[in-house]
Amino acid sequence: MKAAYGGIEAGGTKFVCAVGTGPDDIRAEIRLPTESPESTLGNVIDFFRQQQVRHEIAAIGVASFGPVDPDPDSPTFGYITNTPKPGWANTPVAPTLRDAFDIPIGFDTDVNVAALGEHSWGAAREMDTFVYLTIGTGIGGGGMVNGELIHGLIHPEMGHIAIPHDWDRDPFAGTCPFHGDCWEGLANGPALEARWGQPGELLPPAHEAWALEAHYLALGVTSIMMILSPQLVVMGGGVMEQEHIFPLIHREVKSLLNGYIQSPTVLEGMDSYIVPPALGGRSGALGAIALAERALHAS
């Protein structure tokens, strides 16, 4: 049996760890609660040490909640940096794993790595410029431009862009502790619950919440379309599991564009342009396996 890769989807609530080479070859998988860094990373290391006995793990990829430092030339590469997650600020995730295993470690944002998973095996297999958005506890965005994962000064923070806020229609102040009514503050899962008094999954499809939510999501998506000109927009996360929202977003985006982007993909095929992830909830862990393979080849 050929060597395997380790993948870690490091979330604020749970860590998903997997060993394999792709969606048709997952040899082991575990879900661990996100506790303290010491406890959580200790449990992650224990899992992969057990798997090393059974499989030759050539590299490990990490898809991490953030903010993070994804720059391989930085002295703090592989750190979770100024996260609001209690106890996790300035945690050296990748260095801790490298010290434990002495194999290549790939490290990037959770949304960039989910995009890599969709590019490798999912909805974006034919694309070299696309975005992956997650709409859940927060809002995050990543993706590729010309076949390369998007980086820069640090990494994209699409969820914190400013979008128009009609205070008469929606007097809700927003949930973002940094910016109040940024995109994330107005349209993430906690904003839905705080505004309407119950979680989104309990709101019926005809509830007025969804028209407002689709409007906010469309405002962010159209801004990103204007900046990056993606060939595809993939939207995942807990809020997007309410699939009745996709047609609402399609209509809102088309209305906001007002015919400005003259592409048949947008004008005639919006339902195949803004889509859910083909890998469902597996995009992150599978993307981490793909990132591990990239890390091995780059070493």
Determine by what factor the alpha-carbon radius of gyration of region 1-59 differs from 2.2 N^0.38 Å, reporting the quotient. 1.10
Sparse-neighbour loop sites [chymotrypsin sites (Phe, Trp or Tyr not before Pro); region 41-73; at most 10 other C-beta within 10 Å; DSSP]: none
Quick one: if the Förster radius is 41 Å, what FRET efficiency do residue 258 and residue 198 give, using the C-beta to C-beta distance and rounding to 0.05? 0.75
Calculate the translational D of the chain in whole µm² s⁻¹ from Stokes-Einstein, where the hydrodynamic radius comes from the Kirkwood formula applied to all Cα pairs, the temperature is 20 °C and the viscosity 1.002 mPa s. 109 µm²/s
At most 14 other Cβ within 10 Å, DSSP loop - GluC sites (Glu not before Pro), region 140-204: none
Relative contact order of region 235-299, defined on C-alpha pairs under 8 angstrom at six or more residues apart (%): 37 percent
Helix 283-298 axis, angle to the chain major axis (alpha carbon atoms, nearest 10°): 50 degrees
Give the shape of region 115-267 as rounded, prolate or oblate, defined through the alpha-carbon gyration tensor: a ≥ b ≥ c are the square roots of its eigenvalues, a/c under 1.5 means rounded, and otherwise the shape is prolate if a/b is larger than b/c and oblate if not. prolate
Which shape class applies to region 37-146: rounded if a/c is under 1.5, otherwise prolate when a/b exceeds b/c and oblate if not, where a ≥ b ≥ c are the square roots of the Cα gyration tensor eigenvalues? oblate
Relative contact order of the chain, please, whole-number percent, based on alpha carbon pairs below 8 angstrom and at least 6 residues apart. 23 percent
Along region 268-278, Karplus-curve 3J(HN,Hα) (6.51, -1.76, 1.60; θ = phi - 60°) to the nearest Hz, with x for Gly and Pro, reads 10, x, 4, 5, 10, 9, 10, 9, x, x, 5
Output the peptides 94-107, 67-80, 33-46 sorted from most to least packed, where packing is the average of other Cβ atoms within 10 Å over each peptide's residues. 94-107, 67-80, 33-46
Under 14 Å, Cβ to Cβ, from residue 158 - net charge with Lys/Arg +1 and Asp/Glu -1: -3
Just add up the charged neighbours of residue 114: K/R +1, D/E -1, any other residue whose Cβ is under 11 Å from the Cβ of residue 114. -3
Rounded to whole Å², per residue accessible area for region 1-118 with a 1.4 Å probe reads 42 Å²
Can you give me the distance in nm between label points at residue 298 and residue 146, each placed 7 Å from the Cα along the Cα-to-Cβ direction? 1.7 nm
Quick check: net charge around residue 51, other residues with Cβ under 14 Å of its Cβ, Lys/Arg +1 and Asp/Glu -1? -1
Helix 245-257 versus the longest principal axis of the chain: what angle, 0 to 90°, nearest 10, using Cα atoms? 60 degrees
Under a point spin-label approximation (7 Å from Cα along Cα-to-Cβ), what is the residue 126-residue 52 distance to one decimal in nm? 4.3 nm
Taking only the alpha carbons of region 190-299, what extent do you get along each of the three principal axes, in Å, biggest first? 51, 38, 20
Alpha-carbon centroids, region 1-27 and region 43-78: separation in whole Å: 11 Å
Could you look at the chain and say what percent of its accessible area is carbon and sulfur, using a 1.4 Å probe and all protein chains? 51 percent
Region 1-126: relative contact order from alpha carbon pairs under 8 Å, six or more residues apart, as a whole percent, is 23 percent
Could you please state, rounded to a whole Å, how far the C-alpha centre of region 165-191 is from the C-alpha centre of region 123-159? 22 Å
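The values are calculated or read from the model by the stated rules, or taken from the named source; none is laboratory data. What you see is a predicted model; the values in this text were computed from it and never measured. Neighbour counts run over all protein chains shown; Cβ positions are idealised from the backbone, glycine included. The protein model used for the area step is the full one, side chains on, heavy atoms only, and it has no ligands, DNA or RNA in it. Shrake-Rupley method; radii C 1.70, N 1.55, O 1.52, S 1.80 Å.
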